[in-house]
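A.B. asks: Got a structure for you, written out below as structure tokens; questions coming shortly.
The values are calculated or read from the model by the stated rules, or taken from the named source; none is laboratory data. For clarity, every value in this text was computed on a predicted model and none was experimentally measured. Ideal geometry is used to build each Cβ from the backbone, glycine not excepted, and the neighbour counts take in all protein chains shown. Each accessible area value is taken on the protein alone, full model and side chains, heavy atoms only, with ligands, DNA and RNA left out. Shrake-Rupley method; radii C 1.70, N 1.55, O 1.52, S 1.80 Å.
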Amino acid sequence: MAELAALEDPKARAVNEKHGDDHGVNLSRLRAVAKRLKTQQDLAVELWATGDTAARLLALLICRPKAFTRDELDTMLREAYRPKVHDWLVNYVVKKSTHAEDLRATWFGDPDPVVASAGWALTTDRVAKKPEGLDLDGLLDTIDAEMKGAPERLQWAQNHCLAQIGIEHPSLRARAIEIGERLEVLKDYPTPPNCTSPFAPTWINEMVRRQQ
């Protein structure tokens, strides 16, 4: 904890706080600490228990994803309110866990939109890698009905799912683009040069162009 405190950088904190994260550690430096520590599950559990955002990010880098029980991961997700902690927990730990599909189904319809966004993120991963058994038309129905008025984090997750369906599934591409154009979610999102807009129709068309 003392070492993490010594890495505090006011500039990094200012950037992180704009994104809802309350820590001032440069992530490249945090990764360097994790590389030195290597995998240490017991230390990861202790770091997580501190509640400190930088410590929790480090915990997620040095933990053993398959060592957590389903209920432990569920509890961690519900505690992970900082966007970066939430994102890394889902992508670096839950996706590698044997409980990913069970948790996807549990979180998907959760009344807490931040928890639900994790269910949507896991669903988007399946859309790309293992769509068998998913009701893609049903997902599009839900996105069409809910995305426009969804809270920000859930809206982003649903928008990503919409784009992924359009990119990966040619038979549904026209419908995905039509939903995106009609709802106009993230249409005016400020996008830096050389970056792809998160507006689903633009995103879909660009990724399909690259694949071709």
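A.B. asks: In square angstrom, what is the accessible area per residue of the chain with a 1.4 angstrom probe?
C.D. replies: On the way: 11140 Å² over 212 residues.
That works out to 53 Å² for each residue.
A.B. asks: Would you work out the relative contact order for the stretch 85-174, in percent, from Cα pairs under 8 angstrom that are 6 or more residues apart? Please list the in-between numbers first.
C.D. replies: Values: 80 pairs, mean separation 23.4, N = 90.
Over the stretch 85-174, the number comes to 26 percent.
A.B. asks: What angle do you read, to the nearest 10 degrees and between 0 and 90, between the alpha-carbon axis of helix 70-79 and the longest principal axis of the chain?
C.D. replies: That works out to roughly 90 degrees.
A.B. asks: Next question. Give the cross-link partners of Lys38 among the lysines, using a straight C-alpha distance below 25 Å as the criterion and excluding same-chain residues fewer than 8 apart.
C.D. replies: The reachable lysines, counting only those whose Cα sits under 25 Å from Lys38, are Lys66, Lys84, Lys95, Lys96.
A.B. asks: Another question about this same structure. Could you report the accessible area of Lys130 in Å², rounded to 10, computed with a 1.4 Å probe on the protein chains as they sit in the structure?
C.D. replies: Probe radius 1.4 Å; accessible area of Lys130 about 120 Å².
A.B. asks: Taking θ = phi - 60°, what integer Hz values does the Karplus form 6.51 cos²θ - 1.76 cosθ + 1.60 yield along the stretch 110-126, in sequence order, with x for Gly and Pro?
C.D. replies: Each residue of the stretch 110-126 in turn: 5, x, 7, x, 6, 5, 4, 4, 5, x, 5, 4, 5, 5, 4, 4, 5 Hz.
A.B. asks: Rg and Dmax in Å for the stretch 125-184, alpha carbons only: what are they?
C.D. replies: Cα only, the stretch 125-184: 10.7, 29 Å (Rg, Dmax).
A.B. asks: If you filter the stretch 165-199 for trypsin sites (Lys or Arg not before Pro), then keep DSSP loop positions with at most 15 other Cβ within 10 Å, what is left?
C.D. replies: Numbers: sites: Arg173, Arg175, Arg182, Lys187; in loops: Lys187.
Within the stretch 165-199, the qualifying trypsin sites (Lys or Arg not before Pro) (loop, at most 15 other Cβ atoms within 10 Å) are Lys187.
A.B. asks: Sequence-distant or interchain residues sharing an amide H contact under 5 Å with Phe68, placed H: which?
C.D. replies: Amide H to amide H, under 5 Å and 5 or more residues apart or across chains, Phe68 pairs with nothing.
A.B. asks: On to the next question. Can you list the GluC sites (Glu not before Pro) in the stretch 128-160 that are in a DSSP coil and have 13 or fewer other beta carbons within 10 angstrom? Display every interim value, and only then the final one.
C.D. replies: Details: sites: Glu132, Glu146, Glu152; in loops: Glu132.
Within the stretch 128-160, the qualifying GluC sites (Glu not before Pro) (loop, at most 13 other Cβ atoms within 10 Å) are Glu132.
A.B. asks: Carbon and sulfur atoms: what percent of the 1.4 Å accessible area of the stretch 1-57 do they account for? Working shown, then result.
C.D. replies: Details: 1900 of 3510 Å².
Percent of accessible area from carbon and sulfur atoms in the stretch 1-57: 54.
A.B. asks: Normalized C-alpha radius of gyration of the chain, against 2.2 N^0.38 Å?
C.D. replies: Numbers: Rg = 18.3 Å, N = 212, 2.2 N^0.38 = 16.8 Å.
Expressed relative to 2.2 N^0.38 Å, the Cα Rg reads 1.09.
A.B. asks: How about Lys148: which lysines have a C-alpha closer than 18 Å to its C-alpha, ignoring those fewer than 8 places off in the same chain?
C.D. replies: Lys187
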